[in-house]
Protein chains: 2
Amino acid sequence: MKKRLVIIGGVAAGPKAAAKAQRCDPDMAVVIYQEEGEISYSGCGLPYYVGGTIPERKKLLIKTAEQFGRDGIQVLKRHRVDHLDLEKRQVSGLKLDTGKPFADTYDRLVIATGSEVIRPKVPGLDFENVFQLHSIYDADAILLKVRSSAVKNVVIVGGGYIGLEMAEALTALGKKVAIVELASQIATLFDADLAGILRQYLEKKGITVLTSEGLEALGGENGTVRRVQTSKRQIPAEAVLLSLGVRPRVELARKAGLKIGKTGAIWVNEYMETSVPGVYAAGDCAETTHLVTGKNTWVPLGSTANKQGRTAGINLCGGRSAFPVVLGTAIFKVFDFNVAKTGLSMKEAHREGFEPVQAIVRGYGRAHILPGGRESILKVVADQKSGRILGAQALGEGPSDKFIDTVAMALQGRMTCAQLATADLAYSPPFSPALSPVIVAANVLLNKLEGKVGWLSAAEVKEIMETGKDGFAILDVRDLKEVQEKRIPGSIWIPLEELESRVGELDRDKQWAVHCHSGARSYRACLKLQHRKFKTVRNVDGGLLCWRYDLESKDGGKLTPREDE
Amino acid sequence: MKKRLVIIGGVAAGPKAAAKAQRCDPDMAVVIYQEEGEISYSGCGLPYYVGGTIPERKKLLIKTAEQFGRDGIQVLKRHRVDHLDLEKRQVSGLKLDTGKPFADTYDRLVIATGSEVIRPKVPGLDFENVFQLHSIYDADAILLKVRSSAVKNVVIVGGGYIGLEMAEALTALGKKVAIVELASQIATLFDADLAGILRQYLEKKGITVLTSEGLEALGGENGTVRRVQTSKRQIPAEAVLLSLGVRPRVELARKAGLKIGKTGAIWVNEYMETSVPGVYAAGDCAETTHLVTGKNTWVPLGSTANKQGRTAGINLCGGRSAFPVVLGTAIFKVFDFNVAKTGLSMKEAHREGFEPVQAIVRGYGRAHILPGGRESILKVVADQKSGRILGAQALGEGPSDKFIDTVAMALQGRMTCAQLATADLAYSPPFSPALSPVIVAANVLLNKLEGKVGWLSAAEVKEIMETGKDGFAILDVRDLKEVQEKRIPGSIWIPLEELESRVGELDRDKQWAVHCHSGARSYRACLKLQHRKFKTVRNVDGGLLCWRYDLESKDGGKLTPREDE
């Protein structure tokens, strides 16, 4: 008799599992129960649909129920599965269009129930024009209301990647956008320095960014939202997008008695099989393992969902395919900034018990001899003890995606800085500098691991400046043109090229923090000063790129000692 | 006493070794002997200087002799080293400006003499307007003469990457360009199928491409070249670029008694040290090891030169840094095509004794739901026995560089197809399809390794068609619109979506070659036919993308059986 495969959930992992199983075993009967009226659509494309980059709704739809039908996969839309009996191998639920119940039995089951949005517990959530963006219907609802000229101000609650993508989309629709984030920074998966650069960029683009600020209430008139009350202020808003994140949707699995992991998602083994044989879970509702930490983790992303669905599809047909691990690789675009990450940030690495060191370099997408190069700032993190690469973050208008994919592969290969430094990457002037920024970062890390030069973060320099530590001094080794534009107040300026001849002007006994624009020239300056027997010389990580504090402008007086003479 | 480091050669590896050594040991005296009048320039940028993308010559110059001087590195330009005495640790030669001799001694030596161009042995090489492109002075000479309106036709002898880059540059200058290549294809490092696609693209761009055609003589008038005689025809040419490739420049090292490797380049260990302690070689004159084959190899590229120079610089100061291996990763741009490779091609893998299988997939730089996606064709090669990834090639307007860097990292990590298939790469619609084309290729390879479906190359299909094998038939499973545009003569057409219902029209006993546009739909068709007990079903690798033979157009009659009825 034909085996019967039942799949619960039809957005990403579910359809993928169905298609793969059907190809592996064309004799299997496959049915997908999908609660929504649409199946197999690009959830990641929703912000682009709202913003107008994707003009037609149907572009989001990857494969129709009819197309699945022709491949021998039955799709039952608007069928909500409410109950799962693991003993009887039975699912049952409600046909949402008729209100009538249905039931089905399975030989193999795939749970792909996805995630659900986290809703804040504040008054006013029921006002009109309070949105979330999770399903294609949410996007429809936003477009229906927000395009109206009556909506001028939109507040986005939550500064994660969907909130940021939507900030661009809503700006494209002509709205004034404010982001309210409870944490001390937006994009909390990133380190504070890079998140600070992103914040400055968004502010330049006209977005209001409010951090360390909690949502307290929504206020409205005539049933429609009109304002947002935060812990610090009231903000006018004719529409609000709640974007506080998602959690795994596991109620069905939990009630049925399937094991739930520590992350709150459904526990699965490397074959995507749950605690009950023959029952699989894939996509946003399932747990996975983090390659760097070795711990269970939950990373709800479309690419992972696709791969997990495929893996489940193979294994439930009797194949043996392991989906071992994830790295937390993620990317988003906001205006012209490409923002990407893989593995651990510095703060995550600290939390996981590593001794992380970082390299921050300027990453261009072409050789500097060619015009039109675009820059991303690249941070690569490694472990001081083992030299192993732990992660990377990149942001800017340059090829962040390429840098991050390269480091992701280094993570998968469990490479050290020394191995990454010898990577044989594609070079020609239109595509890369002769040494890829990834390799430059690996070299910077090697220098740090060898302890050649000490370093300070911009935040540490700022803290020392404020606590007024005696004998501390900042040396700026940039060129005249750069210094005229902006400089750190109180810093001493000697361009790198003059350092050798003017080193006598500096006090060897002071504790020197040396900086330039990005940290490369100041590194060389540190070597020179150490060679001249300066006692304490430290390089400022990421230089002015990561300096988000006060700067003196040209008009701020007190420029270079030499220029003043 | 100060140690003295002498470096012979000042383009890429030499200056890099000097800078790194000076940083590692600031007390070392460093001198660079450079034969040319310029030092430290971008050799890879020369075609862009000729074509006008780089408008100013000085942009090519990375660091001047004065800048080196300020870092404590002495540069002696127009000094040709003619003799090397390894016993006495002495170099000597000629000051080219004065004709006077010079001599120097060293504690450490770096040989970075680069490569030299291969000149054909034919009459007429001494005519005016016969060029090569190797040094910045060659580029100057080309620009001086070729911009003249008297030069209308340029013949490029050699279809390697410099010849191809120059084809674009010279087209940008308004010249009519023909490429003459002795081999049966251009870009000989690539497999014939991809090289064929590149050829068609160049021809669309107005370049004449002549393969399997040898240069026999250059003809001229009044001392200037006027025509090129090949083994097949005479071509008018008011300028000729000889671009037959380069070989390592090792005469000095050979005469001094240093070991020369099998590749003809200077033998070095993994620390870039030659057969004589204290003497290093780096860049285009030095050998290296290929990670995939484990054999010594010679890959003259700017990125490798930089890394080797750095490695030599560290080690000659007493450090221990290994430059273990290369992958032969390379990339070039020609018009809007990005052409890249890493590791082994199919033909190279065969030659090295592997049992290679390939996956050819369409690689987009963004999700198909977003407009404006650009495509590169990606081929990934793996070993049938071990499942190990062996190499990749990519070409087209898409992100070939990203695909190739990703596979290069997989090669460095010695990954299998199964490992590559689970790579956690950055996905969001503006940057990638949900499954990266690299992962799709790995999945295709996994299917092949499991022997699910047999396959044929386009060339094999063509050969069978020509030899008229009985019982052989071609099934086209594309959509109507595609078939109306072009189809393989004699093929039978049933769109994939109708295959299930119309399978009775096909003879199960025939040997079926199934194709679509790229090979993905036809793979699914093969599975369906096998499931229906068809005896011999094979998928055509790369589909029409790699079909470079006759096609029927819409007007060619004999369209679909169904449409004809």
Taking the Cα centre of region B:217-324 as origin, work out the dipole magnitude from +1 charges on Lys and Arg Cβ and -1 charges on Asp and Glu Cβ, in debye rounded to 20. 260
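Considering only protein heavy atoms and a 1.4 Å probe, what is the carbon-and-sulfur percentage of the accessible area of chain B?
Numbers: 10760 of 22200 Å².
That share works out to 48 percent.
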May I ask you to list the lysines whose Cα is less than 20 Å away from that of B:Lys121, ignoring any residue fewer than eight positions away on the same chain? B:Lys232
How about region A:21-51: which of its residues lose at least 50 Å² of accessible area in the presence of all protein chains relative to their chain isolated, using a 1.4 Å probe? A:Arg23
Name the long-range amide H neighbours of B:Ile266: under 5 Å, sequence gap of 5 or more, or other chain; modelled H, no Pro or chain starts. B:Gly261, B:Ala286, B:Glu287
Length added when fully stretched, A:Lys152-A:Lys255, from 0.36 nm per residue minus Cα-Cα: 32.7 nm
Given a 1.4 Å probe, how much area per residue of region A:1-80 is accessible, in Å²? 39
How far apart, in nm, are two points set 7 Å out from the Cα along the Cα-to-Cβ line at B:Gln484 and at A:Ala459? 6.2
Accessible area per residue of region A:428-565 at 1.4 Å probe, in Å²? 45
B:Glu450, A:Glu168, B:Glu270, A:Glu213, reordered so the largest accessible area comes first (probe 1.4 Å): B:Glu450, B:Glu270, A:Glu168, A:Glu213
Where does helix A:161-172 land angle-wise versus the long Cα axis of chain A, in degrees 0 to 90, nearest 10? 80
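Let me know the whole percent of all Cα-Cα pairs from the protein assembly as shown that are separated by more than 53 Å.
Cα-Cα pairs of the protein assembly as shown separated by over 53 Å account for 26 percent.
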Distances from B:Thr105 to the same residue in each other copy, label points 7 Å out along Cα→Cβ, in nm, shortest first? 9.6
Roughly how many Å² is the accessible area per residue of region A:105-169, as a whole number, for a 1.4 Å probe? 40
Whole-Hz Karplus couplings 3J(HN,Hα) for region B:474-482, θ = phi - 60° and coefficients 6.51, -1.76, 1.60, Gly and Pro as x, run 10, 10, 9, 10, 7, 7, 3, 4, 5
Note, region B:150-159: 3J(HN,Hα) by Karplus (6.51, -1.76, 1.60, θ = phi - 60°), whole Hz, Gly/Pro = x, goes 5, 8, 10, 10, 10, 9, 9, 9, x, x
Do any residues of region A:362-376 lose at least 40 Å² of accessible area when the full set of protein chains is present rather than just their chain alone, and if so which, with a 1.4 Å probe? A:His368, A:Ile369, A:Leu370
Solvent exposure, largest accessible area first (probe 1.4 Å, DNA, RNA and ligands not counted), of A:Lys379, B:Lys295: B:Lys295, A:Lys379
If I model a spin label at A:Glu116 and B:Lys3 as a point 7 Å from the Cα along the Cα→Cβ vector, what separation in nanometres do I get? 6.8
Along the positive direction of the dipole of the protein assembly as shown (beta-carbon charges: Lys, Arg +1; Asp, Glu -1; about the Cα centre), which of A:Ala434, B:Asn338, B:His517 reaches farthest? A:Ala434
In whole Å, how far is the Cα centre of region A:29-85 from that of region B:425-492? 27
Given A:Lys347/B:Lys402; A:Lys295/A:Lys347; A:Lys379/B:Lys379; A:Lys379/A:Lys469, which pairs have Cα atoms separated by over 19 Å? A:Lys347/B:Lys402; A:Lys379/B:Lys379; A:Lys379/A:Lys469
Minimum 20 Å² accessible area buried by the other protein chains, region A:419-435 residues, probe 1.4 Å, relative to alone: A:Thr422, A:Ala423, A:Asp424, A:Leu425, A:Ala426, A:Tyr427, A:Ser428, A:Pro429, A:Pro430, A:Phe431, A:Ala434, A:Leu435
If you line up the long axis of helix B:192-204 against the longest principal axis of chain B, both from Cα atoms, how many degrees apart are they, to the nearest 10? 80
Please report the orientation-averaged projected area of region A:69-110, defined via the convex hull of its C-alpha atoms, in nm². 3.5
Amide H contacts under 5 Å for B:Glu397, restricted to residues at least 5 apart in sequence or on another chain and with H modeled in the peptide plane, are B:Asn338, B:Glu375
For the pair A and B, the solvent-accessible area buried on both sides (1.4 Å probe; DNA, RNA and ligands excluded), in Å² to the nearest hundred, is 6500
Just to be sure I understand the curve: with the Debye formula and one point per C-alpha of region A:375-473, what is log10 I(q)/I(0) at q = 0.13, 0.22, 0.23 Å⁻¹? -0.54, -1.11, -1.18
Convert each backbone phi in region B:140-145 into a coupling constant with the Karplus relation 6.51 cos²θ - 1.76 cosθ + 1.60 (shift: θ = phi - 60°), then list the ³J(HN,Hα) values in order as whole Hz, x for Gly and Pro. 4, 5, 4, 4, 4, 9
Run the helix sum for chain B: -39,500 (n - 2.57) per DSSP H stretch of 4+ residues, divided by residue count, reported at 222 nm to the nearest 500 deg cm²/dmol. -8000 deg cm²/dmol
Let me know the Kirkwood hydrodynamic radius for region B:421-538, please, with Cα pairs as the basis and the value in Å to one decimal. 15.7
Accessible surface, 1.4 Å probe, highest first, among residues A:Trp455, A:Trp298, B:Trp512: A:Trp455, A:Trp298, B:Trp512
Helix A:520-531 versus the longest principal axis of chain A: what is the Cα-based angle in degrees, 0 to 90, to the nearest 10? 50
Counting Lys and Arg as +1 and Asp and Glu as -1, each charge on the Cβ, what is the dipole of the protein assembly as shown about the Cα centre in debye, to the nearest 20? 920
Give me, ordered by chain and number, the residues 5 or more places off A:Val299 or on other chains with an amide H under 5 Å from its own placed amide H. A:Thr288
Value of D in µm² per second that Stokes-Einstein yields for region A:314-440, Kirkwood Rh from Cα pairs, at 37 °C (0.692 mPa s): 214
Sort region B:266-313 into rounded, prolate or oblate with this rule: let a ≥ b ≥ c be the square roots of the eigenvalues of the Cα gyration tensor; rounded if a/c is under 1.5, and if a/c is not under 1.5, prolate when a/b is larger than b/c, oblate otherwise. oblate
Here the net charge surrounding A:Leu449, from other residues whose Cβ is less than 11 Å away from its Cβ (Lys, Arg +1; Asp, Glu -1), is +1
Which whole number of Å³ per residue matches the convex hull of the alpha-carbon atoms in chain B? 180
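In the structure shown, do any of B:Lys385/B:Lys448; B:Lys175/B:Lys205; A:Lys2/A:Lys88; A:Lys452/A:Lys535; A:Lys3/B:Lys528 have a Cα-Cα gap over 20 Å, and if so which? Intermediate values should be presented prior to the final figure.
Details: B:Lys385/B:Lys448 11 Å; B:Lys175/B:Lys205 12 Å; A:Lys2/A:Lys88 18 Å; A:Lys452/A:Lys535 13 Å; A:Lys3/B:Lys528 18 Å.
Cα-Cα > 20 Å for no pair; all within.
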How much accessible surface area, in Å² rounded to 10, belongs to the heavy atoms of A:Arg374 with a 1.4 Å probe? 130
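The values are calculated or read from the model by the stated rules, or taken from the named source; none is laboratory data. Predicted, not measured: the structure shown is a model, and the values here were computed from it. Cβ sites come from the backbone with ideal geometry, for glycine too, and all protein chains shown count toward neighbours. We work out accessible area using only protein heavy atoms, side chains counted, and drop any ligands, DNA or RNA first. Shrake-Rupley method; radii C 1.70, N 1.55, O 1.52, S 1.80 Å.
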